[in-house]
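So the structure is just underneath, and the comments pick up after that.
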Amino acid sequence: MTASSTALVTWALKPYITELHVLKYKDELEGSIPLMVQTMTFWAQPRTRLVFAEQLSPATLPMTSWIVEDASESLKELAKDILKQINDGRKKNRVTLAGKGDLFYAHTQGPVSAEMQKILQAAPSQ
């Protein structure tokens, strides 16, 4: 019973964002907001992904704020450059580009930082 309830809780909280950072990148992003989003895997290991705010659409599933839409070709090219810089020298915990259908849950009720307000304006959640 304990293992199954732990598995259920882990599965339900998998999209929960434990860390979210706005990346400061070149000025040539033309309104794109690159985000580093950390969640947990099923085995409670950190999983960090790169996503752009314009890829995020409101999600309708419980315990989710956003669903990731497929990145445009120009964003994929930009992501390659960003990921190359981030992952340079890393052997473990490499950052990947968030894929279409990935889910994220951000706790946005109550006071949020100015940085989070900027993200919410660019990618409204439910």
Local net charge near E69, Cβ-Cβ under 12 Å (Lys/Arg +1, Asp/Glu -1): -2
Given K24/K84; K92/K118; K24/K91; K84/K118; K76/K118, which pairs have Cα atoms separated by over 20 Å? K92/K118; K24/K91; K84/K118; K76/K118
Restricting to DSSP loop positions (anything but H, G, I, E, B) with no more than 11 other Cβ atoms inside 10 Å of their own Cβ, which GluC sites (Glu not before Pro) remain in segment 29-102? E30
Given a Förster distance of 25 Å, the FRET efficiency implied by the Cβ-Cβ spacing of L120 and K84, rounded to the nearest 0.05, works out to 0.30
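I'd like the chymotrypsin sites (Phe, Trp or Tyr not before Pro) in segment 22-86 restricted to DSSP loop residues with at most 14 other Cβ atoms within 10 Å, sorted by number.
For chymotrypsin sites (Phe, Trp or Tyr not before Pro) across segment 22-86 that sit outside H, G, I, E and B with at most 14 neighbouring Cβ atoms in 10 Å, the list reads Y25, F42, W43.
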Residue among I82, L23, M40 farthest towards the positive dipole end of segment 23-96, charges placed on Cβ: M40
With a cap of 13 neighbouring Cβ atoms within 10 Å, and only residues DSSP puts in a loop, list the trypsin sites (Lys or Arg not before Pro) found in segment 21-108. K24, K26, R90, K91, K92, R94, K100
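Under a Cβ-Cβ cut-off of 12 Å, what is the net charge of the residues other than S57 that fall near it, where Lys and Arg count +1 and Asp and Glu count -1?
Counting the neighbours of S57, the net charge comes to -3.
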V22-E54 pseudo-label distance in nm [points 7 Å out on the Cα-to-Cβ vector]: 1.7 nm
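Taking the Cβ of V37 as the centre, find all other residues whose Cβ is under 11 Å away and add up their charges (Lys, Arg: +1; Asp, Glu: -1).
Value of the local net charge: 0.
Coordinate-derived values only; no laboratory data. It should be emphasised that the depicted structure is a prediction, and the values quoted were computed from it without experimental measurement. So basically every Cβ, Gly included, is an ideal-geometry build from the backbone, and we count neighbours across all protein chains shown.
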